[in-house]
Amino acid sequence: MAKIIDGKAIATEIKDELKEKVAALKAEGKEICLAVIQVGNDPASTVYVGNKKKACSYIGIESRSYELAEETTEEELLELIGILNADDTVNGILVQLPLPAHIDENKVIRTISYKKDVDGFHPQSVGALSIGQPGFVSCTPAGIIELLKRSGIEIDGKECVIIGRSNIVGKPMALLLLRENGTVTVCHSHTKNMKEITKRADILVVAIGKAKMIDESYIKEGAVIIDVGMDRDENGKLCGDVDFESVKDKVSAITPVPGGVGPMTITMLMKNCVESCDSQSDS
């Protein structure tokens, strides 16, 4: 049976470390504040925003909520972001995605100051990552690196394969694994002979959004599997992109769904918030 990588336990460990750091910053008279903007009332977004508020409360960060109506214009949203950019008491700004169709997400992401871009989506943040400069890193890929390291899984020199090339997971994941000296291949919907490629992987990161698509036929004996998927199976039960039951006896370690990658995403957001306070103090 594979080692189950416990994302909840590792996330709690990191949050406790951050809690101590926040207390130390407060002792120096430094407060940390995250502004969270939600446009409309998408149920999944409301749950995510609630979880972010809970995480802030746990580690001692102030969270300011801006819950805007679905019909809020792009201009009104950009104006609010401009005000928060200029507010020295706000360290991080997060706009919950997805946004209503009439608002240009790319324009919104570019408007957030890169110094307060705790989601790591701003072109400046992405560019810094690609050339190895300091900057905020997209939270899910950053959390996956922490999961691997804190589980004692060596990345250096390993064959790493990512299925999925999104801006939020696939692309930054490739850059982070390269930074850790992994040998990286990215597969996607146009990849030919995908199984031949994935069967070489020592570490396989799956982020495709298709329930249980990856079964044991894609996987090398003893591989480490990171399942980023959050899907529903035929019975409506939460599952990942990997068919857990099919692969569990073939792999050396695997993240479960739920309880694997998910808890790490918000934890790394908190880490970025704490780092934003440090970087803004230095500038």
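Every read-out reported here was derived from the displayed coordinates using simple, explicitly stated rules and does not represent laboratory data. None of these values were measured; they are calculated from a predicted model. Note that we place each Cβ from the backbone using ideal geometry, even for glycine, and neighbour counts take in every protein chain shown.
Multiplying the residue separation of Thr183 and Glu31 by 0.36 nm and subtracting their alpha-carbon distance yields 50.7 nm.
Based on alpha-carbon centroids, what's the gap between segment 195-257 and segment 71-137 in Å, whole number please? Cα centroid to Cα centroid, the span is 32 Å. Taking the Cα centre of the chain as origin and assigning +1 to Lys and Arg Cβ atoms and -1 to Asp and Glu Cβ atoms, the resulting dipole is close to 720 debye. Loop-resident chymotrypsin sites (Phe, Trp or Tyr not before Pro) (DSSP state other than H, G, I, E or B) in segment 42-119 with no more than 10 further Cβ atoms inside 10 Å of their Cβ are absent.
Here each label is just a point 7 Å from Cα along the line to Cβ, and for Asn41 and Glu79 those points are 2.4 nm apart.
Output the DSSP H helices from the chain with an along-axis C-alpha extent of no less than 15 Å and a mean Kyte-Doolittle hydropathy no less than 0.5. Working shown, then result.
Working: long enough: 7-27 (30 Å, -0.23); 43-59 (25 Å, -0.18); 74-86 (18 Å, 0.62); 139-150 (16 Å, 0.52); 262-282 (31 Å, -0.19).
Span-like helices in the chain: 74-86, 139-150.
Provide, as a two-decimal number, the C-alpha radius of gyration of segment 29-113 over 2.2 N^0.38 Å, N being how many residues it has. If you can, show how the numbers build up before the last one.
Details: Rg = 12.8 Å, N = 85, 2.2 N^0.38 = 11.9 Å.
Rg over 2.2 N^0.38 Å, computed on Cα atoms: 1.07.
Just for the chain, what percent of DSSP beta bridges are antiparallel, to the closest 5? Around 5 percent of the beta bridges assigned by DSSP in the chain are antiparallel ones. Were the residues from Glu159 through Glu234 laid out at 0.36 nm apart, the gain over their Cα-Cα distance would be 23.7 nm. For the options Ala24, Ala142, Ala101, a Gaussian network treatment of the chain with springs between C-alpha atoms closer than 10 Å singles out Ala101 as fluctuating the most. Mean separation of Cα pairs under 8 Å and 6 or more residues apart, divided by the residue count, gives the chain a relative contact order of 22 percent.
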